[in-house]
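Accompanying notes for the structure given below.
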Amino acid sequence: MRRSTALLLVGAILLPFISILAGCSTTITGMSICSGYLESYAAEDFEACFDYLNSKSARDEDDAKRMDEDVYATAFYDICGVKPEKSDSELAYVIPHDVTQDQLRQVDELYNSRIADELYVQYTYNNISKDEFVSKHTKIFDALGVNSISYSLEPINDGIYLVGGHYTLTYHTEIFGDITNTYSISFKKSSAGKWELAWTPALIFPDMQWGDSILQVTDTASRGEIAMSEGVVAQNVNLFAINATVAELADINAAAGVVSDLTSASKESILNKLDTGSDVVTLGYLYPDEANSYTVSTLESIAGIEVIESSQTGRYYPFGDMLVHMVGYAGYGSSEELDELNANLEAGETPYKSGDVIGKAGLEKQHEKQLRGIDGVKFVIKKYDGSVSSTVCEVEKRDGYDLHLTIDANLQIRLDEVIKNTLYGEETSAAVVVMNPITGEILAAASDPGYDANLFARGISSEAYEAYVNDKRAPFLNKITSSTYPPGSIFKPFIAAEALMDNVLTANSEFTWKIENDYWTPDGFGAWVYPAIKRAKVNNREPVLNMRNALLHSDNIYFAYAALKAGSDKLLSFLNRLGMDEAIPFDLPVSKPNIVNEGTEMYIKLLADMGYGQGELLLSPLQAACMFGAFANGGDIMVPRIIKGIYEVNGISDVPIMQTEPTVFREGVLSKSAIATIEPMLEDVVDPQYNGTGRPLRVSTYKIAGKTGTAEIGSDKSRVLAWFAGYRTGVGVDEARLVLVLLDIKNTEEFNSLKFQIAREMLK
C-alpha cells in the first residue's frame, strides 16, 4: 500500500546550566554522605541531594551575577567603545545617549555568543545552583517518564573515611524500560575539613559534562491506512504549504483576505501569522483535492506567496461520506482527549502530545492503538555548540498498522450510487447491510445520510456543523449499529421457526378462529381486555390461512396466534437462544437488543405483539441481518466482521499481523428441518407469481428468499420503518449474500417501494 511518511524533529528539551540562581551547601562526613545522597536521589528528593554537594560544585548567586555582568560590560565596550555605567538598579546599566539601537542589538548578539563560548562555559559554569539542580533533574526525569530509581553501591575507603565508590543506578521508565549505568563518585574535604560529594553532570548520565543539555528527538510514526478490496478509504497525503515572504507582500491585509477566502482559515488568524516577525510564514495548508489549478494560480498571483508540496501530512478520505459511519475520521486531539489516551497507555507506547492526530469516530477511533503506531523517540546529549555526543536511550519508530476491510469496493460504490439515486430530500433515511451470511463478512454498508469525513478531519466550520446538527435525519447517527428499531414482519420467520421446533404448529396448521373485518379477538389464552388484533393488508386472501400463506401475505393474526400458543416461557427462551439477550460482537459498538422493557411484566397482548415483531422488541439492523443469516447458514448466526486483517507495511508488501476468521455467535438456533420448511415459503414471498409482499423485488439472476416488514411510527402514523431482508439460495460460500434494508420513510406506497430498488441492486 502506498503511504506518505514524514520525519519530524520536535523541540528540544534544553536544560542548560546557564542561569543565575541561588545555591547553598551543607557538609556531612562519612558513609552518610554517599548513602544519604543516593537515598535522596532514589526518592527523587533533589533538594536534599543538593545539600550533599561540595561547595565548589554549588554556585554562589552573587558570584554568578557578577560574572554575567562582566561579560555584558565587556561586550558593550567592544561594540560601543565605552564602558557602561552601573545604575542603582541591580543588573542594569546607564546607556549613553549616543549609543544606537543597532549597537545595542550587536551588544546582545556578542554577549549571547560569549555566553556559549567554551572557555566561558568552563570558567563560569562548572558549578550549579540549587534551583538549577532541582529543575534539571526534574525536567529530565519527567521527559524520560522515570517511575522509580534503584541503585547498588561499592564504597571505597582510605582506611578511615569513605573517599569514593562505584555505584550502579537504574532509571525505571514507562517508555524506555530500564536505563542502567555505572557511575563513579568521589568526595572532597571542604575548607572546614569536612567531606562533601564532588558532583558533576556525569552523575546524571556518564557522558554528560558541564554545559551539556538533553535533547529529545522524535521521529513521528505514520498513521496506518484503511483499505477495502480495491482502493484506500482513509490515507495519508502530503499537504501543499501556502508560504508567504512577508517583505514581498504589497498589501498584507488584501493578501490575508484572499488566502482566507480560499481556505478554511479566518482572516484574523492569517494576519496574526504575518505579524510574528518571521521573514517567511506558512499561512496554511491545502489538501491535494483543494490544490486545484484555480486555487493555486489565484494564490500565486499575489507577489510574495507560493504554494509548494510539503512534508506535512494530513488524513484524507477519498470517498468523502462513503462508509463514514464505519470508518469514522481522525483529527487533532483536544487536551482532554489526549489526557485520556495518555492515562491508558500501555508499556512501550509513547505519550500523546499537543498537535497529535487521533481517531475521533468509527474504526479510526476504535483501532487507535493499531493505526497510530509508535513514535520513534531518543534522548541525546547535546553539547554547548549544538553537536550531539551520545544517545542516552531510544525507542525505534514503528509506523501504524493498516486495516484491511472485508468491504467489496465495487459493491460498496454501487450501494452508495443506488442510495443517492433512490432516496431523496428530507423525507428518507436508511440503514443497509450487505453481508456474506456464511462467513460473517460485511461486503457493503451504508447509514444514510452521512457526513463528509474530510470536513471534520480538516476542521469544520460552525455553519457546516450546524447544518448537520439541524438535519432531522440524524446524519451523525450510525443507524446500522447504534440504534435499535422494532423489526416488524421480518421477525415472523423466526416465530414460524420457533413454532415448528417446539411443536407448537406444523407447516400445515391452519388458523380457524373467527376473523371479522380483518380483526381477531383472541380467546382461550386468558382474559382479553385489549383492542382486537388487526391483520396486515393482504394482497390476495387465500381460502386457507396456514403458515405459508401467512408468511406470503405477512398476516399478523396468524403469528400473534403462534406466539400465544407457544407461551411466554418458550418464546422468551427462543429469543435468548437467538442472541437477543446481548449485543452481537463487532468491530464497533453495537446497541443491545430489547425483548421486554425493564420493569414490564409479560402479558398476553405483549406476547401477541411479539409474534409479528412489535410490542417492545427492538433490534439494530446489523444484528437483525446476522439473525436472518441463520436461515442461509444452516441455523448458525455468525459474528459480523468488517476487518479482514491488520497488516504491517514492509517495503512494498503487507505482512499480516492478525487475520480474522469466521466465528459463530450462536450455534444451531434454527433446526435444519425448520429451515427446509420455511425457506421455500420465503422464496415464494418474493416470487411475482404468488403475489406476496416481496413480489416487487424481481431478481432474475439468483433464487432469493426474503421477507418484508413494516412498523408504523409517530402518533399520526404518517411515517413507517420499511424493512426488507433477503438472501441468495442454492449458492456456495463465495456467492452467498444477504441484504437487509431499513428505511425511515413517508407512509405511502411510493416510498415503500424504494427498499426493493436498493435490495435488487445488491442481490442481483
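For the reader, a short list of remarks on this structure follows.
- If only the Cβ of Lys and Arg carry +1 and only the Cβ of Asp and Glu carry -1, the dipole of the chain around its Cα centre is close to 3340 debye.
- Residue pairs, from the table K188/K383; K420/K605; K86/K383; K369/K479; K472/K565; K570/K717, whose Cα atoms sit over 30 Å apart: K420/K605; K86/K383; K472/K565; K570/K717
- Each part gets one Cα centre, and for region 705-742 versus region 548-621 those centres are 16 Å apart.
- Put simply, when 477-485, 434-442, 465-473 are sorted by average Cβ atoms within 10 angstrom per residue, most first, you get 434-442, 477-485, 465-473.
- Nearest-ten-degree value, helix 754-763 long axis tilted from longest Cα axis of the chain: 80 degrees
- At R0 = 25 Å, FRET efficiency that the Cβ-Cβ distance of Y424 and A291 yields, to 0.05: 0.15
- Calculated FRET value between E248 and S334, using beta carbons and R₀ = 45 Å, to 0.05: 0.75
- Each peptide in 670-682, 218-230, 614-626 was scored by the mean count of other Cβ atoms within 10 Å over its residues; highest first, the order is 614-626, 218-230, 670-682.
- N342-E306 FRET efficiency (beta carbon distance; Förster radius 30 Å; 0.05 resolution): 0.20
- With contacts taken as Cα pairs under 8 Å and at least 6 residues apart, the chain reaches a relative contact order of 11 percent.
- Principal-axis analysis of the Cα atoms of the chain puts helix 101-115 at an angle of about 90° to the longest axis.
- Highest mean first, the peptides 495-507, 587-599 sorted by other C-beta atoms within 10 Å per residue fall in the order 495-507, 587-599.
- Candidates per GluC sites (Glu not before Pro) in region 693-764, loop by DSSP, up to 13 other Cβ within 10 Å: E735
- If the segment from N691 to A676 were pulled out straight at 0.36 nm per residue, it would be longer than the present Cα-Cα gap by 3.2 nm.
- Label-point gap, in nm, between A467 and N594 - each point 7 angstrom along Cα→Cβ: 3.4 nm
- In nm, spacing of pseudo-spin labels at H97 and Y77 (7 Å Cα→C-beta vector): 2.5 nm
Each value in this text was obtained by applying a stated rule to the coordinates, not by laboratory testing. None of the values given here were measured: they were computed from a predicted structure. Note: ideal-geometry Cβ built from the backbone for every residue, glycine included; neighbour counts use all protein chains shown.
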